[in-house]
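The values are calculated or read from the model by the stated rules, or taken from the named source; none is laboratory data. Computed from a predicted model, the values in this text were never measured in an experiment. So basically every Cβ, Gly included, is an ideal-geometry build from the backbone, and we count neighbours across all protein chains shown. Just so you know, the surface numbers come from the protein's heavy atoms only, side chains and all, with ligands and any DNA or RNA stripped out. Shrake-Rupley method; radii C 1.70, N 1.55, O 1.52, S 1.80 Å.
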Amino acid sequence: MDTQHLRQKTSQNQTGGRAALANIEESKIREVANAGMGVKDLLAFWFGEPDQVTPDFIRDAATRALDNGATFYTQNLGVPQLRESIANYISTLHEPIDASHVAVTSSGVSALMLAYQALFDPGDRVVIITPVWPNLTEGPKILDAAVTRVPLHYEHGWKLDMERLLAALTPATRAL
């Protein structure tokens, strides 16, 4: 690493990291969740997680795996048997898929970030119809992509202004 690059990195760290991260908008979903957690008689629709505890058979399988020493790194794309099971399941719902086309990540957000990294370079332009889950607009920003939002408007139901959408699309648009 050259000295100038190292100085730039050090300067960024002293000011709180990359500028792209400083401009990330905080999730209103998180704000609502923090205010509502622990409140009785409130329907928790904030994270998209179930309102029931993970079933016993899944928790038992996780416990058995830990008891059997399955505490080490796996292959980058995930445990082969799990990838095969997922491929088989997906194949029953859609067209057949080979396990070599399945990757297991630690979370949905991790999967999205991998997709963003595969698609976007700094400066790429992304057009996103809003409202959407905040991570869909903020993830590309982390990679220094330029995000343009095209909001739906409410007029006897949610409507997309196609002219506004088409005007937002340019030859530099990498993704919609």
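A few points about this structure:
- Near pairs, Cβ below 9 angstrom, 6+ apart or cross-chain, from the range 83-100 (modelled with pLDDT of 95 or more and among the β-branched types (Val, Ile, Thr)) to any residue that is part of a helix (DSSP H, G or I) and open to solvent by less than 90 Å² (accessible area, probe 1.4 Å): 86/99; 97/86; 97/87; 97/88; 97/90; 97/91
- Residue in the range 136-147 that is modelled with pLDDT under 95, open to solvent by 40 Å² or more (accessible area, probe 1.4 Å) and in a strand (DSSP E or B) present: yes
- Only listed residue being within 20 Å of the chain's Cα centre (by Cα) and free of Cβ contacts under 8 Å to residues at least 40 places away in the same chain, chosen from 47, 57, 72: 47
- Set 98, 144, 60, 67: member being acidic (Asp, Glu) and under 29 Å from residue 24 (Cβ atoms): 144
- Answer residue from the range 115-127, given it is without any contact (Cβ under 8 Å) to a residue 24 or more places away in the chain and of a type in the set (A, V, I, L, M) and is surrounded by the most Cβ atoms within 10 Å (Cβ to Cβ) among those: 115
- Qualifying residue in the range 91-99 (condition: under 30 Å from residue 149 (Cα atoms) and among the aliphatic types (A, V, I, L, M)): no
- The residues in the range 80-114 that are assigned to a loop (DSSP other than H, G, I, E, B), open to solvent by 60 Å² or more (accessible area, probe 1.4 Å) and either closer than 19 Å to residue 61 by Cβ or in contact with a strand residue (DSSP E or B) (Cβ under 6 Å, 6 or more places away or on another chain) (or both) can be counted, and the count is 1.
- Considering residues of the range 61-79 that are in a helix (DSSP H, G or I) and open to solvent by 80 Å² or more (accessible area, probe 1.4 Å) only, the residue farthest from residue 111 (Cα to Cα): 67
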